[in-house]
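Let me begin by presenting the structure, written as structure tokens, before commenting on it.
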Amino acid sequence: MAVTKLFGAAVKRREDPRLITGRGNFTDHVRLPGTLVMAIKRSPHAHARIVRIDTSKARAMRGVVAVYTGQDLADKLAPVPCAWLIPDSDLKVPPYRAVAVDKVRYVGDAVAVVVAENRYIAQDAVDAIDVEYEPLPAVVDQEKALEPGAPQLYDEVPNNLAFHWKLHAGDFDAAWNAAEVRLSRRLVNHRLIPTAMEPRGALAAFNPGTGELTIWCTSQNPHVHRLLLSAVTGLPETQIRVIATDVGGGFGSKIPMYAGEMIAAAISKELGRPIKWIETRQENYVATIHGRDHIQYVDIAAKRDGTITAVRVRAYANMGAYLSTAAPGVPTWLFGLMLQGAYAIPVVHCDVYGVLTNTTPTDAYRGAGRPEATYLLERMIDILARELGMDPTEIRRKNFIPKDKFPYTTPTGLQYDSGDYEATLDRALELVDYRTLRQQQAELRQRGRYIGIGFSTYVEVCGLAPSQAAGAMGFQGGLWESATVRVHPTGKVTVFTGSNPHGQGEETTFAQLVADELGVPFEDVEIVHGDTEMVPFGMGTYGSRSTAVGGAALVHACRKVKEKAQRIAAHLLEVSPEDLAFENGRFFVKGAPDRGMTFQEVALQAYLAWKLPRDIEPGLEATHFFDPVNNTFPFGCHICVVEVDPETGKVDFLEYVAVDDVGNVINPMIVDGQVHGGIAQGLAQAVYEFAAYDQNGQLLTASLMDYAIPKASMLPAFTVDRTVTPTPVNPMGVKGAGETGTIASTPAVVNAVIDALAPFGIEHIDMPLTPERIWRAVRERSA
Amino acid sequence: MQITVTVNGVTYTHDVEPRLLLVHYLRDVLNLTGTHIGCDTSQCGACTVLMNGKAVKSCTIFAVQADGAEITTIEGLARDGQLHPVQEGFWEKHGLQCGYCTPGMIMTAVDFLQRNPNPTEEEIRHAIEGNLCRCTGYQNIVRAIQYAAEKMRSGS
């Protein structure tokens with residue numbers, strides 16, 4: 001049958017029919033008979049010694065089955081592991097107990113656990129547990145935590161310093177001394193809360209008869225969770241099955257191993273009954289990871305013509321009270337390696353201090369390290385442009401890595417795969433009609449109205465891989481991805497992928513790839529993910545790696561399948577394999593197109609095996625583990641246009657244009673959606689979202705009432721366009737689109753607001769640019 | 001307390017605790033898990049259902065308050081295998097990614113379009129303020145609702 005090429009087509013998502021009719025398969029939807037509900041008692045103190053826990057009232061309540069304290073669980077669960085052990089940084093990993101034993105270290109730290117017949121009783125019982133604390137002084141700010149005399153979280157971590165990581169390339173002092181212009185600034189990349197709409201949760205079901213644990217949980221990486229669950233419970237991996245088919249958003253927050261899932265597993269094993277734990281939103285805010293929280297001291301050396309000659313950064317990363325699963329790698333490698341951005345900066349010096357504080361642990365949140373680097377650089381280049389009286393576009397052009405320099409090796413050793421940075425800037429300028437906009441801006445200023453134009457010409461590293469690099473960076477795992485392509489006797493195809501999409505639509509894009517590769521109808525391709533019992537192995541979905549790494553694995557597996565199918569077809573058609581051509585799902589003899597077999601006919605013969613030669617095994621299936629030679633490096637230009645009311649500090653979005661280059665695009669509709677959502681989150685950091693703690697370590701923004709994730713009326717419509725520069729590192733030439741929007745948009749928005757406020761002499765305001773902060777800045781300058 | 005509720009055209013009678021929330025009644029008693037829970041302060045709107053034709057957040061209503069009411073959940077929206085135009089719009093216009101906010105978002109849009117069949121983009125953005133989405137940036141949700149409005153107006 002004729003098959004249209006699907007690569008590049010805006011195919012409607014096959015995920016949608018179940019999700020728009022209320023038939024998704026999210027963790028909390030799974031029901032098992034005899035399930036008990038678990039609830040966690042959490043610390044209201046940021047730092048305190050646990051003196052006594054009285055669980056007697058809770059235990060006596062009708063419907064309560066069991067109550068556990070940290071002491072009760074201490075020998076049933078090993079501490080939560082840290083899986084990114086950054087080398088040469090004097091890293092100290094303090095013990096991270098699922099339930100605190102002697103001391104609590106942040107508001108939200110687990111202190112006791114209840115299991116009961118239903119959620120109402122469980123919550124009542126949690127309230128009935130009486131914990132006596134001896135409060136200790138708390139510290140929430142990472143710079144203060146390093147000061148002499150600051151409260152100490154751990155005896156074994158002096159000065160709360162978990163690590164000091166360094167990445168130095170080139171002679172910074174020489175560049176600094178030779179510089180014609182020197183800029184030094186302090187920038188704060190504040191703390192955010194990922195806020196996936198589906199809270200985290202688990203249903204753990206241990207079968208005492210078989211010794212097997214099945215756990216449905218909200219996971220971006222089920223196999224990684226299986227490995228970690230095995231490590232903490234002592235059950236062998238072969239006895240653990242992790243299932244996470246529909247996951248309601250993650251943004252990084254569903255990568256780590258957490259207390260809740262571990263405890264549910266341990267208690268299910270203990271009681272031999274299914275245990276369900278679903279966190280409340282308030283728990284999500286205090287006990288699921290936060291992101292960013294990076295204080296940066298930046299030095300930029302440049303020439304008068306705008307050429308940047310060196311960048312130096314000393315950064316203080318707030319790690320929270322414990323080191324979460326991937327936490328040490330985020331503010332270090334994923335940040336420091338990108339400090340030259342899209343620019344040919346020859347000298348990069350980076351020192352990062354990872355600091356423990358009495359706050360919720362931080363870890364990877366959409367972009368993870370790269371937004372912190374991009375914001376720093378894009379903000380500083382604007383400050384430099386203003387200092388030199390240059391247009392922000394000219395200073396960027398001056399420093400761009402030229403397109404004939406790719407592949408480009410950065411001073412710290414990354415190899416940028418491909419790029420044409422100026423093309424995205426040119427296209428974006430055309431879309432906003434830059435010259436006219438600047439004229440309008442000048443005219444409006446005359447009339448006391450302030451519009452601003454902000455740029456972000458970013459490059460990011462994604463498609464996280466390869467495994468050798470992961471090892472060198474201390475990541476305790478490989479960064480390949482696997483796929484198994486199973487062709488059934490009818491020629492229908494099941495793909496088992498180690499990626500675990502949770503909104504990114506790979507059930508659709510992966511089926512597009514397979515349909516094209518094997519020439520089979522799209523409808524004949526089934527994509528299976530999120531079940532460790534079905535998928536051979538997988539590293540999961542994060543770091544915009546699913547398509548570039550997981551998709552490439554399945555393309556390679558398809559090619560192995562096709563190669564075998566071709567050998568079978570050749571044997572049956574009595575020609576040699578190289579005499580066959582393959583088009584539209586059919587093998588045929590070159591020069592004699594009538595002599596041929598469809599892919600489906602070959603599949604049937606592969607399973608009948610009546611006429612196979614001895615050297616060809618029956619069946620038609622292949623597995624491929626793809627470990628790319630390099631990461632991918634999407635890039636682009638985002639332009640934000642705002643109007644700021646200096647009287648009220650209010651920011652109105654007039655226009656937002658994004659021109660991204662994510663390499664080849666499999667499904668433009670889905671990529672546009674990823675870019676929209678990414679921009680929304682990055683824009684929200686710039687002007688709305690802010691995780692606020694008081695001095696005692698109370699999270700003041702612990703609900704959706706207080707933490708400002710944007711509503712529909714708070715966002716503009718985005719204009720999205722693309723250039724296409726394929727990557728050579730995978731067979732499809734795709735780069736990744738999950739994080740570009742978030743990485744690019746924050747500085748574009750801030751630069752726009754600051755540009756609008758230029759007439760007031762305002763050079764910088766730390767985010768979020770709330771009306772109050774803007775109003776205060778304007779008032780200070782006007783006074 | 002005994003309540004009688006008609007959900008998606010089926011009438012149920014159950015004894016429930018007075019404090020049982022409607023959303024837990026729908027999910028835990030009737031096994032209608034299409035209505036989602038995303039918060040505990042009535043901000044996110046994932047639990048939105050129609051009660052006597054009007055959109056309500058089912059986490060903010062006790063099951064006993066729904067006694068005698070007619071409830072429509074996301075599972076009851078498609079009729080005779082035919083998607084509601086709002087559901088169709090979400091599919092056509094890529095109005096969802098993870099799909100967690102989607103049932104509530106759709107129910108809110110259904111209620112809104114009954115009251116305002118020809119909304120502007122601004123009116124749509126205002127109307128869905130009580131429903132939070134973290135994936136889409138809302139742009140395609142707005143388009144999905146515009147698609148549905150047009151389809152419903154043309155009566156097809």
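Observations on the structure shown:
- Test: residue in the range A:299-306 that is open to solvent by 10 Å² or more (accessible area, probe 1.4 Å), of a type in the set (A, V, I, L, M) and more than 14 Å from every other protein chain (Cβ to nearest Cβ): no
- The one condition in (1) assigned to a loop (DSSP other than H, G, I, E, B); (2) away from chain B (no Cβ under 14 Å) that A:ALA469 fails to fulfil: (1)
- Residue count for the range B:51-67, restricted to those that are more than 12 Å from B:VAL7 (Cβ to Cβ) and in contact (Cβ under 8 Å) with a residue 60 or more places away in the chain: 4
- The helices (runs of 4 or more DSSP H) found entirely in the range A:217-323 that carry 2 or more residues being over 23 Å from the mean Cα position of the chain (by Cα) and modelled with pLDDT of 95 or more are A:222-233, A:259-271.
- Set A:GLY682, A:GLY678, A:GLY619: member being outside any strand (DSSP E or B), within 13 Å of another protein chain (Cβ to nearest Cβ) and under 30 Å from A:VAL514 (Cα atoms): A:GLY678
- Filter result (buried (at least 21 other Cβ atoms within 10 Å of the Cβ) and assigned to a helix (DSSP H, G or I)) within the range B:3-37: B:LEU22, B:VAL23, B:HIS24, B:TYR25, B:LEU26, B:ARG27
Residue by residue, here is whether (1) open to solvent by less than 40 Å² (accessible area, probe 1.4 Å); (2) over 35 Å from the mean Cα position of the chain (by Cα); (3) closer than 21 Å to B:ASP40 by Cα holds:
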residue	(1), (2), (3)
A:ALA110	yes, no, yes
A:VAL113	yes, no, yes
A:ASN118	no, no, yes
A:VAL126	yes, no, yes
A:ASP130	no, yes, no
A:ALA138	yes, no, no
A:ASP141	no, no, no
A:LYS144	no, no, no
A:GLN152	no, no, no
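- Test for A:ASP672: is it within 14 Å of another protein chain (Cβ to nearest Cβ), part of a helix (DSSP H, G or I) and open to solvent by 30 Å² or more (accessible area, probe 1.4 Å): yes
- The single condition from (1) open to solvent by 10 Å² or more (accessible area, probe 1.4 Å); (2) in a helix (DSSP H, G or I) that A:PHE653 fails is (2).
- Considering the range B:85-131, and only residues there that are aromatic (Phe, Trp, Tyr) and at the interface with another protein chain (Cβ under 9 Å from one of its Cβ atoms), the residue that is farthest from B:GLY155 (Cα to Cα) turns out to be B:TYR100.
- Some residue of the range A:633-650 being in a strand (DSSP E or B), outside the structural domain of A:GLU372 (by TED's automatic domain parsing) and crowded, with 17+ Cβ neighbours inside 10 Å: no
- Filtered by the rule that a residue be open to solvent by less than 70 Å² (accessible area, probe 1.4 Å), part of a helix (DSSP H, G or I) and closer than 26 Å to A:GLY413 by Cβ, the range A:156-173 gives a lone residue, A:PHE172.
- Of A:ARG449, A:ARG435, A:ARG427, all but one fail to be over 23 Å from A:VAL675 (Cβ atoms), in contact with a strand residue (DSSP E or B) (Cβ under 7 Å, 6 or more places away or on another chain) and open to solvent by 10 Å² or more (accessible area, probe 1.4 Å); the exception is A:ARG449.
- Within the range A:496-549, restricting attention to residues that are in contact with a helix residue (DSSP H, G or I) (Cβ under 7 Å, 6 or more places away or on another chain) and at positive phi, the residue that is nearest to the other protein chains (Cβ to nearest Cβ) is A:GLY505.
- Those residues of the range A:696-706 which are in contact with a strand residue (DSSP E or B) (Cβ under 9 Å, 6 or more places away or on another chain), part of a loop (DSSP other than H, G, I, E, B) and surrounded by 16 or more Cβ atoms within 10 Å (Cβ to Cβ), in sequence order: A:THR701
- For the range A:560-605, the tally of residues that are over 14 Å from A:GLU517 (Cβ atoms), open to solvent by 30 Å² or more (accessible area, probe 1.4 Å) and part of a helix (DSSP H, G or I) stands at 10.
- Some residue of the range A:657-664 being at pLDDT 95 or above, surrounded by fewer than 24 Cβ atoms within 10 Å (Cβ to Cβ) and not small (Gly, Ala, Ser): yes
- Checked against (1) at pLDDT below 95; (2) open to solvent by less than 10 Å² (accessible area, probe 1.4 Å); (3) not in a helix (DSSP H, G or I), A:GLY477 meets all criteria but (2).
- Looking across the range A:516-526, the residues that are over 9 Å from A:VAL493 (Cα atoms) and touching a residue at least 60 places away in the same chain (Cβ under 8 Å) come down to A:ASP516, A:LEU518, A:GLY519, A:PRO521, A:PHE522.
- Per this entry, A:LEU608 is not counted among residues that are buried (at least 19 other Cβ atoms within 10 Å of the Cβ), out of contact with any Cys (no Cβ under 8 Å at 6 or more places or on another chain) and either in the same structural domain as A:VAL495 (by TED's automatic domain parsing) or more than 30 Å from A:TYR365 (Cα to Cα) (or both).
- Test: B:LEU77 is facing another protein chain (nearest Cβ under 9 Å), among the aliphatic types (A, V, I, L, M) and open to solvent by 20 Å² or more (accessible area, probe 1.4 Å): no
- Helices (runs of 4 or more DSSP H) contained entirely in the range A:359-456, each with at least 3 residues that are within 30 Å of A:ASN284 (Cβ to Cβ): A:370-388
- Residues located in the range A:241-256, provided they are of a type in the set (A, V, I, L, M, F, W, C) and surrounded by 24 or more Cβ atoms within 10 Å (Cβ to Cβ): A:VAL242, A:ALA244, A:VAL247, A:PHE251, A:ILE255
- Count of the range A:7-39 residues which are farther than 29 Å from A:VAL734 by Cα and either more than 14 Å from chain B (Cβ to nearest Cβ) or of a type in the set (Asp, Glu) (or both): 3
- Residues located in the range B:38-56, provided they are within 14 Å of chain A (Cβ to nearest Cβ) and either buried (at least 24 other Cβ atoms within 10 Å of the Cβ) or among the small types (Gly, Ala, Ser) (or both): B:GLY38, B:CYS39, B:SER42, B:CYS44, B:GLY45, B:ALA46, B:CYS47, B:THR48, B:VAL49
- Qualifying residue in the range A:196-211 (condition: among the charged types (D, E, K, R), assigned to a strand (DSSP E or B) and at pLDDT 95 or above): no
- Look at the range A:557-575: where a residue is more than 11 Å from A:PHE599 (Cα to Cα) and a partner is at pLDDT below 95, sitting 6+ places away or on another chain with Cβ atoms under 6 Å, you get A:HIS571/A:PRO613.
- Flag if A:ILE709 is among the aliphatic types (A, V, I, L, M) and facing chain B (nearest Cβ under 10 Å): yes
The values are calculated or read from the model by the stated rules, or taken from the named source; none is laboratory data. Quick caveat: nothing in here was measured; it's all calculated off a predicted structure. Glycine also receives a Cβ, built like all others from the backbone with ideal geometry; neighbour counts cover every protein chain displayed. Accessible surface areas use protein heavy atoms only, side chains included; no ligands, DNA or RNA. Shrake-Rupley method; radii C 1.70, N 1.55, O 1.52, S 1.80 Å.
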